[in-house]
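Inspection log for the structure reproduced underneath, given as structure tokens.
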Amino acid sequence: MPLLNPAQTGVTLPGPAATLLYDDWYPALRTARLRRGKLAKALLLDIPLVLGRKSDGSVFAMRDSCPHRGIPLSAGWFDGQHVTCRYHGWEFEPCGGQCQAIPSLSSHDRLDPTRIFATAYPCEERDGHAWVYVAGPGTGRKGEGVAEKPVPELAKFGARYRSAFLTADLPCDVDHGIIGLMDPAHGPFVHQAWWWRTRGSIREKTKRFEPIPEGFRMSAHAPSGNSAPYKLLGVYGKPVETTIDFVLPNRRTEVIRCGDKWFSSLTTVTPVTASTCRIDVVAAWNVFYHVPLVTPIARFFGAKFVRQDQVTMIQQAEGLRHNPSLMLIDDADKPAKWYFALKQARLEASHSPVSESRPGALEIKHPLDGPVELHWRS
């Protein structure tokens, strides 16, 4: 069952908009789309971007707008070194945005083109994604906090592994996308399948959580016994343990270990606009490494799993566009409450005098004072 693109979701009106978090890394697009000498477009946090790969292999991201007259730079040309605007031929070095040439200047002009900059963003390639650091408004072209935040990367525990990637567009704001991602109670209802779990498999669970910087961790534990994929790991005859982290602004990581066998995933819910988002999942593993067709099989079942979430979000968007009153309950919704508290604390810290003098050096108040146990049925 294929995933839907935005035009196929059937949602014609956007729902409520979310407040966006800046001064962080976000995945803009898959680097497989970046061909040498070609430009690609993306939309990230309501910012139109143009991305490409230089002749030396490095990737770049610029605001898709010429600072001269505003025409999209993606309409122009890229020779592997410079992006050229198709309107007046201005040339830009894309990694820093510095203007290199203005063809219309004559011998009588005193303007130095190199003092002009198009907006360029720090851009790095990790796990097949072009990650872009989006600085907050008014913090300069590059953002002074970029050095203090490492580029996110999928955890790997050996040189031999297989990997897969999935993506889906969601017609809801990033807040609803994220709390849907961390919601433990929807599984038996949204993800009913013989290979995952059924409504009749609901049982009471207790999980231990602990605070981590800008997020929280579901401490290492034996994974749910009512999920078929976890049961498969029993063939190795060793204890299975999983750890799940959530870290602002949008990242969920899960690591499953079974002796020297492992599975690792990084899931992000990225705001495309203030009212729409995109979910990306990249995973790597060495379990069943020698089993034929394991990667296409994993991709097939993974796509069905993500599609179930996508369809649910499409249905939810129909209700959200009318801006209903909503509620969060304990304990299954406690992680969602922590997320909103962490986000609010970061927003407040970003406007403090200290953060204005040292962007990227935020000290936010954490909603968790220490480890805590939560209980729910799923």
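The values are calculated or read from the model by the stated rules, or taken from the named source; none is laboratory data. This one's a predicted model, so the numbers in the text were calculated from it and none came from an experiment. Cβ placement follows ideal geometry from the backbone for every residue including glycine, while neighbour counts extend to all protein chains displayed.
Of note:
This table checks each residue for (1) touching a Pro at 6+ places or on another chain (Cβ under 8 Å); (2) over 26 Å from residue 272 (Cα atoms).
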| site | (1), (2) |
| --- | --- |
| 50 | yes, no |
| 55 | no, yes |
| 58 | no, no |
| 63 | yes, no |
| 77 | no, no |
| 92 | no, no |
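- When restricted to residues that are surrounded by fewer than 16 Cβ atoms within 10 Å (Cβ to Cβ) and either part of a helix (DSSP H, G or I) or in contact with a helix residue (DSSP H, G or I) (Cβ under 6 Å, 6 or more places away or on another chain) (or both), the stretch 145-161 contains 2.
- Options 65, 55; residue that is within 26 Å of residue 24 (Cβ to Cβ) and among the small types (Gly, Ala, Ser): 65
- When we screen 378, 350 for residues that are in contact with a Lys or Arg (Cβ under 8 Å, 6 or more places away or on another chain), surrounded by 14 or more Cβ atoms within 10 Å (Cβ to Cβ), hydroxyl-bearing (Ser, Thr, Tyr) and modelled with pLDDT of 75 or more, the only hit is 378.
- The listed residue being under 22 Å from residue 46 (Cα atoms) and not small (Gly, Ala, Ser), out of 108, 129: 129
- Considering the stretch 8-115, the qualifying strands (runs of 3 or more DSSP E), each wholly inside and each with 2 or more residues that are touching a helix residue (DSSP H, G or I) at 6+ places or on another chain (Cβ under 8 Å), run over 39-44, 47-53, 59-63, 99-101.
- Number of the condition not met by residue 187 [criteria: (1) over 19 Å from the mean Cα position of the chain (by Cα); (2) at pLDDT 90 or above; (3) buried (at least 18 other Cβ atoms within 10 Å of the Cβ)]: (2)
- Matching residues, the stretch 92-111, being out of contact with any Asp or Glu (no Cβ under 9 Å at 6 or more places or on another chain) and either surrounded by 20 or more Cβ atoms within 10 Å (Cβ to Cβ) or farther than 17 Å from residue 52 by Cα (or both): 92, 94, 97, 104, 105, 106, 107, 108, 109, 110, 111
- Of all residues in the stretch 178-192, those satisfying the criterion of being in contact with a helix residue (DSSP H, G or I) (Cβ under 7 Å, 6 or more places away or on another chain) and either outside any loop (DSSP other than H, G, I, E, B) or within 16 Å of residue 17 (Cα to Cα) (or both) are 178, 179, 180, 188, 189, 190, 192.
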